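Data block below; observations after.
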Amino acid sequence: MRFALFAIALITSPAAAQDDAPIVVIGQRDVEQQIESFVGALTPASPRGQIARFETAVCPGAFGMADAQRAAVRDRIRAVAKGIGLDVAAPDCKPNLVVVVAADKPAFLKALGKKHYYMFGDRTPTQVRKIIAEPGPATAWQIQTTVNGDGRPISNEGDTPINRSTRSPSRITAAARPAFMAAVVVIESGALEGLSTTQLADYAAMRAFARIDPARIDASGPATILRVLDAAADSEVPITLTQWDFGFLKGLYSSPNNLYAPSQRSEIGRAMEQELESGDGGTAPRPVGS
């Protein structure tokens, strides 16, 4: 059974405080380098590319679990969305963020491809097969569109996209940007043993709100909810979003529109610095208001 990761201050005993081990102080530059590495791992994009995000109200839906658990997961994702500044749709909305718990992930994805191919958006059969073959207990993908600088969908006239915008051309900001229309997260049930619905929901939120590959994260890096599924059964894992996770999402969704990826990463990094300065350095769980 996995153990929850609490703040170090809560588990340090007086005897441990008398240990002769040297005290290691992490300087500001070390923290900045950690943030840069963390953000870089979670935001694969070219220098002239952009990091996509939701720009419409989020409507989470959960499937493959008991009704009470489904409600808890939906409510938690709604709370996270509000906490990072996202709009949340009315309770009777049609889900555009889908979390599925499946007994056999590959078998479920194959069935989804045969019966509900539209769930993969406009991906080619080769791209869908790549999603199905992705190793590990979880996979996630987003369906996206392109909007102009004003946030309106770019229309097509024939085979030519037409960008009608009131914004002046700029070398600093983009004339158009990618935006998520929907996201799907599929998790194998066996990987959830010993985890709470909050941990499930927070992991799913991280995977849905940003295009993230957890395998890119350095194993020796900061604490993150993204490791809960792959952690050893007897290891400590976060009980919720950490300050690193929350700061990343908050930075992504608070940064100005139309920035290119390098500027987006800088904005995310600044938000993370503020989040870490307000807490204990990121190891403690980050509460999110409902």
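The values are calculated or read from the model by the stated rules, or taken from the named source; none is laboratory data. Predicted model, so just to flag it, every value in this text is computed and none were measured. These accessible areas exclude ligands, DNA and RNA; they are computed on the full protein's heavy atoms, side chains included. Shrake-Rupley method; radii C 1.70, N 1.55, O 1.52, S 1.80 Å.
Compute, for V101, the solvent-accessible surface of its heavy atoms (probe 1.4 Å) with the complete set of protein chains present, and express it in square angstrom to the nearest 10.
V101 exposes around 20 Å² with every protein chain in place.
Along the range 97-104, what does the Karplus equation 6.51 cos²θ - 1.76 cosθ + 1.60 (θ = phi - 60°) give for ³J(HN,Hα), rounded to whole Hz, x for Gly and Pro?
So the Karplus estimates, Gly and Pro as x, are 9, 10, 10, 10, 9, 10, 5, 9 Hz.
From the backbone phi of the range 38-45, what are the Karplus-calculated ³J(HN,Hα) couplings (6.51 cos²θ - 1.76 cosθ + 1.60, θ = phi - 60°) in whole Hz, Gly and Pro given as x?
Listing the rounded values in order: 5, 5, x, 5, 9, 10, x, 6 Hz.
Check which residues have an amide H placed less than 5 Å from A102's amide H, if you skip close sequence neighbours.
Amide H to amide H, under 5 Å and 5 or more residues apart or across chains, A102 pairs with I187, E188, S189.
Given H placed 1.01 Å from N in the peptide plane, which residues other than close sequence neighbours of M181 have an amide H under 5 Å from its amide H?
Amide H neighbours of M181: I143, Q144, T145.
Please list 3J(HN,Hα) in residue order for the range 51-68, calculated via the Karplus relation 6.51 cos²θ - 1.76 cosθ + 1.60 where θ = phi - 60°; whole Hz, with x for glycine and proline.
9, 6, 7, 5, 10, 10, 4, 8, 10, x, x, 10, 9, x, 8, 4, 4, 5
Given the protein chains as shown and a 1.4 Å probe, how many square angstrom of E273 are accessible, to the nearest 10?
50
Hey, which lysines would be in cross-link range of K114, C-alpha to C-alpha under 18 Å, not counting anything within fewer than 8 residues on its own chain?
K105, K130
Run the 1.4 Å probe and let me know the accessible area of D230, rounded to the nearest 10 Å².
Around 110 Å² of this residue is reachable by solvent.
Amide H to amide H under 5 Å from L241: which residues, 5+ apart in sequence or cross-chain, H placed 1.01 Å off N in plane?
R286
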